[in-house]
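Trainee: Have a look at this one.
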There are 4 protein chains.
Amino acid sequence: MVIVLKDQATEQQVAELMDWLHTFDVKTNLVTGVHSRIIGLIGDTTSVDIDAVRAKAIVETVKRVQEPYKNANRRFHPDDTVIEVGGRKIGGGSLSVIAGPCSVETEDQLMRTAIAVKEAGADFLRGGAFKPRTSPYAFQGLGKEGIDLLLKARKETGLPIVTEIMDLSDLDLFADVDVVQVGARNMQNFTLLKALGRCDKPVLLKRGLSATLQELLMSAEYIMSEGNSKVILCERGIRTYEPETRNTLDISAVPLLRQKTHLPIVIDPSHATGINSLVEPMSLVAVAAGADALEIEVHIDPKNAWSDGAQSLTPEQFAAAMKRIRATEHFFHDELNAEG
Amino acid sequence: MVIVLKDQATEQQVAELMDWLHTFDVKTNLVTGVHSRIIGLIGDTTSVDIDAVRAKAIVETVKRVQEPYKNANRRFHPDDTVIEVGGRKIGGGSLSVIAGPCSVETEDQLMRTAIAVKEAGADFLRGGAFKPRTSPYAFQGLGKEGIDLLLKARKETGLPIVTEIMDLSDLDLFADVDVVQVGARNMQNFTLLKALGRCDKPVLLKRGLSATLQELLMSAEYIMSEGNSKVILCERGIRTYEPETRNTLDISAVPLLRQKTHLPIVIDPSHATGINSLVEPMSLVAVAAGADALEIEVHIDPKNAWSDGAQSLTPEQFAAAMKRIRATEHFFHDELNAEG
Amino acid sequence: MVIVLKDQATEQQVAELMDWLHTFDVKTNLVTGVHSRIIGLIGDTTSVDIDAVRAKAIVETVKRVQEPYKNANRRFHPDDTVIEVGGRKIGGGSLSVIAGPCSVETEDQLMRTAIAVKEAGADFLRGGAFKPRTSPYAFQGLGKEGIDLLLKARKETGLPIVTEIMDLSDLDLFADVDVVQVGARNMQNFTLLKALGRCDKPVLLKRGLSATLQELLMSAEYIMSEGNSKVILCERGIRTYEPETRNTLDISAVPLLRQKTHLPIVIDPSHATGINSLVEPMSLVAVAAGADALEIEVHIDPKNAWSDGAQSLTPEQFAAAMKRIRATEHFFHDELNAEG
Amino acid sequence: MVIVLKDQATEQQVAELMDWLHTFDVKTNLVTGVHSRIIGLIGDTTSVDIDAVRAKAIVETVKRVQEPYKNANRRFHPDDTVIEVGGRKIGGGSLSVIAGPCSVETEDQLMRTAIAVKEAGADFLRGGAFKPRTSPYAFQGLGKEGIDLLLKARKETGLPIVTEIMDLSDLDLFADVDVVQVGARNMQNFTLLKALGRCDKPVLLKRGLSATLQELLMSAEYIMSEGNSKVILCERGIRTYEPETRNTLDISAVPLLRQKTHLPIVIDPSHATGINSLVEPMSLVAVAAGADALEIEVHIDPKNAWSDGAQSLTPEQFAAAMKRIRATEHFFHDELNAEG
């Protein structure tokens, strides 16, 4: 952390600031120039609140040099995290595909979709039982019944299930769920994150609509600092001024996160674009970028889906996309690296 | 709602779509032109899910004409909502000022601040007991103890208290709180909103970091549709590309929301800017825009505040600002209108 | 400027970097800590290209402490710049109102509008002769004929004229224009800015659609560094994700720019909102924020305007708004300060 | 175009509006419902100014159904445009690589870079002679001398050259240039676009920092409507709130533009990210998305580059990247499609 002091700071004020900084167990270096004085902080600055430093009367500006997260930081954990769940792995070189309907609607809808995505080669089944909807008048999900149907579909197909938790009070219902998803709107629901940090269960954490990558990593840190290191990060598009797509897929997040963290990275091309015809192209792009997994919405009858129909693939479209996704995975994971 | 159909839609497909639309209790008008067909929906379209319409195979594009909210809509409730709490009013022509520290830190800090803001003319005391912080290593608030201190400060000063709820599981602790605040990061925590909709307590709902005004009104609708009509909307700055300010205050939201809704509107100049020296100017601007209330952070010692010190006013700064705020209120509420 | 070095930098590399930095006539201070080394630059760093520093192999991160602009910087020119033109002043305590149609359409339209805005108390007449339109099929302005009509209207009313230049090749046509406007889309047309820097004519420089305040000031610096110090800055709304308004008025730009620069500041409430009914409220807000001038679109028949009709005021609406604008000016400039 | 009328519109007002609409040579259909009336426009609505419609007193809201561009529209030109220049093609199935330094600095720098990129397999040489720089104190380019050096490098290597024009007044200097680039800051410099529309020379048009895809296509339409159909579109990252990257690469723009237009599409991974280590990953991603070309910054000594060093590849990095780019091209263009 580098702190630039205001010109008018007195020696006593500077000394007080240094004393305060030393309470955080860091070392300080004061550089005195003609027009400005700078304090460099050395050591673990994670616990130094940058806002508190900024608030000091004699501080002109502050800049962090080290990242404010530890558990999620590749610097301290050089090896990729691989998360094993239900005999499948996320991270560590292979590509996982999570597929299924936006919402669990009926047993017939879910079972048929589950069987279809399994046949097409999906590794995990997704489906929403609790649905965060902008309007209170829209379908809100089946709740507990939806989770029961997902568990039934897992029994039928063997696919581990991924489903979203919307509130801490529902946590007990997720006891048998394989991967708990935290939606974009809950990325900074810190109470929920801490509670999930005390579970021994993989968490798929979606980036908030306008969250920075550092904020995403800090939310992962909330979960990890409570003891649960099984966090999967998900880029699902960010909010920008562009109206053609539902969100803007920030694809450079994949190699950037790869540099900064050891956690697995998922791309959700369905929410990132909101447009059926862009799901496959953005899936291939995600593989090219090095994503560890894809989360894709599939519905047996998108035009009658109870939510997100416009971005859902039919089972046929998904099966066709999977062939191209797997071929692309093979190219990037095996051929291209072999050549290099 | 206006639905434009794709060129290739068959007559049977159009008939099926019309049948489906009629299940929502709306009337339809089909216009057939040379190159395009358009369906106009007439009646209450609130319950028609625009995403579901968009998902239909033969739909080219859809546009809502009516707003998708009812309870919050000025069209159906022309008179301004005035919320009475602890003998004070928010909305209806007067300006309320909510002031206090970002976080409740100690009894001494809170009591001194509470007395100071009361003397300066504040109407409500704010203070955070549960703090949503980006970092798990930053101060997280005093929790229940913080609420107890707020209640004590209310007893001492008579000021009703406003404090933030972060999770539904804490709801019982808010039984004696006057106004429950929902923070920007929880604006779309729909489970929490619904639960607050079943309380008989005013809710101060902050706009999300990148929420549209329509999404803010839909979140208000979540609370109101459960029976609680005491919702206060708060603009606290939105996330943009501009780095100089913490957020960008969207001041035109005040007259725009005024047109669309009957609910009271608060401006939070502290979070909107993040800069101490901009708090007073933006407070005057908010009064000029017609805001019903201001929420301002005040701390007895900002440079040692445990959170948000850089944007907090000292009691002296607040007292000076209040004189100018009240003079501005008097000008806009009394003089200017009298002239007109 | 503060430069943080990478851990692995060798002593020789650091020495080379220091040598290179010294070629810019600045002094350096190297701080060596346990885990990091920091170089502080002291002196005038305006000519040090931050991108060039960032490109050095051993540089981890760089932060500017001083602003990269000199001529526009209040630090070096503490007194407000006041620009006199045609017997009127912009800046220095009074409020100027620039009003007129978006486009000059016909002699009748312009003359009637000019007379109307003069009667209502406007200080300057605006009107577009060269129109930057998104579509090549939309009305592109009358060109030279438009400027001739503006000069005629000036003769008739005595109001100095403000009109936009779209390309350097038209510069000769602006010889008799009082204030040359540079539109948002040209804010970083550096060739044009430099050429205007060599004219002795006030330039009204509009902030780009997604320009930062620092970029706006750097564009002013382009004009000023060529010798023309008569620059007027204009905030006209920035592009955000919010769809209700054409742009989002960044009102905190007024006090922020006031701190950073001595140049006058104009608010354009018409383009900032795009909505007729928000123009007056945002004008009052701009006065409350301390703007030096307003630029308002007025049209004798908005519903038949050839451009921007939806945001134009009728002469009657403008006259009513002017009464309230002048009363607000009086309050903020005279009464409020007298009290304080 | 669909026009929704206000409730209170009188029959005479509606008739007048219809008459006015008919002057644009379009047909109208009026639908009268219980609560609302809607006018559907049929025919070529390109020349109907949506802003003018919106300004009409009785219009509640308007929505375009057809795109407002014709020449750039795939609907009217189903076949991909292929642009031939100097014996090379852009568009039509192969991948072109444009490479070279951000700025032309010296003869030695340019020649060595040109030879290096040619050897690595680049198809075009890029280099800036006129540089749009945020600061007037930064290197502004060599101007005419830079273009002369580029022509010399073309003679030496046979690579056609791509270089940016900043102002119309320099157009004569571009007579021998192969592809004229219009930078992001000039995307809506309409005077320049029209002038380039009257040249018989390919134009590489970069998307503005916060331009929508529709605005990009409208700027292409400016060029094309003047007669020059050789327009190449370039996505180079858009401005968002995310600070880690210089811009955010909007990769879904590639398949979206492919649907909407027949023009070739280039990705500039250097400006999109601003980070050396992300250039190769984003190049592979661009190939996976189906881009027709890449524009990559290469410098013989990035750490001493006069501009954009942090995002430039060394010749060695570029050569290594090119192997992987060509292998990826081969996979996507030949193998993957062959399988399907």
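FYI, it's all coordinate maths here, none of it is from the lab. From a predicted model like this one, the values you see are computed outputs, not experimental measurements. Because the Cβ atoms are built from the backbone with ideal geometry, glycine has one as well, and the counts that use them run over all protein chains shown.
Trainee: Roughly how crowded by other chains is peptide B:325-332, in terms of the mean Cβ count from those chains within 10 Å of each of its Cβ atoms?
Mentor: 3
Trainee: Please report the antiparallel percentage of the DSSP beta bridges confined to the range B:35-164, to the nearest 5.
Mentor: 40
Trainee: Tell me what the protein assembly as shown gives for mean residue ellipticity at 222 nm when only DSSP H runs of n ≥ 4 count, each as -39,500 (n - 2.57), the sum divided by the residue total, rounded to 500 deg cm²/dmol.
Mentor: -10000 deg cm²/dmol
Trainee: Any idea which of D:GLY141, D:ALA114, D:LEU151 is furthest toward the positive side of the dipole for the range D:93-199, if Lys and Arg beta-carbons carry +1 and Asp and Glu beta-carbons -1?
Mentor: It is D:GLY141, whose Cα lies furthest towards the positive end.
Trainee: Can you tally the net charge around D:SER270? Count Lys and Arg as +1, Asp and Glu as -1, for every other residue whose Cβ sits under 11 Å from the Cβ of D:SER270.
Mentor: Summing Lys and Arg as +1 and Asp and Glu as -1 gives -2.
Trainee: Note down the magnitude of the dipole of the range C:93-154 about its Cα centre, charges +1 on Lys and Arg C-beta and -1 on Asp and Glu C-beta and zero elsewhere, to the nearest 20 debye.
Mentor: With Lys and Arg at +1 and Asp and Glu at -1, about 160 debye.
Trainee: Place a +1 charge on the Cβ of each Lys and Arg in the protein assembly as shown and a -1 charge on the Cβ of each Asp and Glu, then give the dipole magnitude about the Cα centre in debye, rounded to the nearest 20. Intermediate results must be reported in sequence, preceding the final value.
Mentor: Numbers: 148 positive and 188 negative charges, 1 e Å.
Dipole about the Cα centre, nearest 20: 0 debye.
Trainee: Hey, another quick one. Which ordering of A:THR261, D:THR328 is given by a fewest-first count of other beta-carbon atoms within 10 Å?
Mentor: D:THR328, A:THR261
Trainee: Here's another thing I want to ask about it. Here are some pairs, B:LYS89/B:LYS152; B:LYS118/B:LYS230; B:LYS6/D:LYS206; which of them have Cα atoms lying more than 26 Å apart in this structure?
Mentor: B:LYS6/D:LYS206
Trainee: Averaged across the residues of D:231-240, what count of C-beta atoms belonging to other chains lies within 10 Å of each residue's C-beta?
Mentor: Mean partner-chain Cβ count within 10 Å for D:231-240: 3.
Trainee: Is there a simple number for the mean count of other chain Cβ atoms within 10 Å of the Cβ of residues in B:47-54, and what is it?
Mentor: Other-chain Cβ atoms within 10 Å of each residue's Cβ, averaged: 6.
Trainee: Could I ask something else about it? In the range A:83-339, with Lys and Arg counted as +1 and Asp and Glu as -1 at Cβ, which of these residues, A:PHE174, A:PRO243, A:GLY208, has the Cα nearest the positive end of the dipole, that is, farthest along it?
Mentor: A:GLY208
Trainee: How big is the gap, in Å, between the Cα center of the range B:90-124 and the Cα center of the range C:88-103?
Mentor: Value for the Cα centre distance between the two parts: 40 Å.
Trainee: Still on this structure: If you bin every alpha carbon distance in chain C into 10 Å steps from zero, what whole percent lands in each bin?
Mentor: Here the calculated profile for chain C is 5, 24, 30, 20, 11, 8, 3, 0.
Trainee: Residues in the range C:2-35, backbone N under 18 Å from the label point at C:GLU60 (7 Å along the Cα-to-beta-carbon vector): list them, ranges by number please.
Mentor: C:2-15, C:17-18, C:29-35, by backbone N distance to the label point.
Trainee: Right, another one. Label the protein assembly as shown by shape, choosing from rounded, prolate and oblate, from the square roots a ≥ b ≥ c of the eigenvalues of the Cα gyration tensor; if a/c is under 1.5 it is rounded, and otherwise prolate applies when a/b is larger than b/c, oblate when it is not.
Mentor: Note, shape of the protein assembly as shown comes out rounded.
Trainee: Can you sort A:TYR222, C:TYR241, C:TYR137, B:TYR69 from fewest to most other Cβ atoms within 10 Å of each residue's own Cβ?
Mentor: Listed from fewest to most nearby Cβ atoms, that is C:TYR137, C:TYR241, B:TYR69, A:TYR222.
Trainee: Okay, moving on. Between D:ARG198 and the same site in the other copies, what are the distances in nm, shortest first, taking label points 7 Å from Cα along the C-beta direction?
Mentor: In nanometres, ordered from closest: 2.3, 7.2, 7.5.
Trainee: Continuing with this model, one more query. With a 10 Å Cβ neighbour count serving as the proxy for reagent exposure, in which order, fewest first, do A:GLU67, B:GLU11, D:GLU221 appear? Don't skip to the end; give the middle numbers.
Mentor: Details: A:GLU67 19, B:GLU11 8, D:GLU221 26.
The order, fewest Cβ neighbours first, is B:GLU11, A:GLU67, D:GLU221.
Trainee: Could you give the dipole magnitude of chain B about its Cα centre, charging the beta-carbon of Lys and Arg +1 and that of Asp and Glu -1, in debye to the nearest 20? Let's see the in-between values first.
Mentor: On the way: 37 positive and 47 negative charges, 66 e Å.
Dipole about the Cα centre, nearest 20: 320 debye.
Trainee: Another question about this same structure. B:ASP176 to B:ASP334: FRET efficiency via 1/(1 + (r/R0)^6), r the Cβ-Cβ distance, R0 25 Å, to the nearest 0.05?
Mentor: Taking R0 as 25 Å, the efficiency between B:ASP176 and B:ASP334 is 0.10.
Trainee: In nm, one decimal, shortest first: how far is the label point of B:LYS152 (7 Å from Cα along Cα to beta carbon) from the matching points in the other copies?
Mentor: Reported distances to equivalent positions: 5.5, 7.9, 8.1 nm.
Trainee: Right, next: Helix check for chain C. Which DSSP H runs span at least 15 Å along their own axis by Cα, with a mean Kyte-Doolittle hydropathy no less than 0.5?
Mentor: Helices passing the filter in chain C: C:213-224, C:276-289.
Trainee: Hey, how many Å between the Cα centroid of the range D:14-87 and the Cα centroid of the range C:156-184?
Mentor: Between the Cα centre of the range D:14-87 and that of the range C:156-184, the gap is 33 Å.
Trainee: If one computes the Cα centroid of the range A:297-325 and of the range B:270-340, what distance in Å separates the two points?
Mentor: 52
Trainee: Mean separation of Cα pairs under 8 Å and 6+ residues apart, divided by the residue count of the range B:83-339: what relative contact order is that in percent?
Mentor: The normalised contact order for the range B:83-339 reaches 19 percent.
Trainee: List the distances, in nm and shortest first, from the label point of B:ALA15 to the matching label points in every other copy, placing each point 7 Å from Cα along the Cα-to-Cβ direction.
Mentor: The answer, with the shortest distance listed first, is 3.8, 9.1, 9.3 nm.
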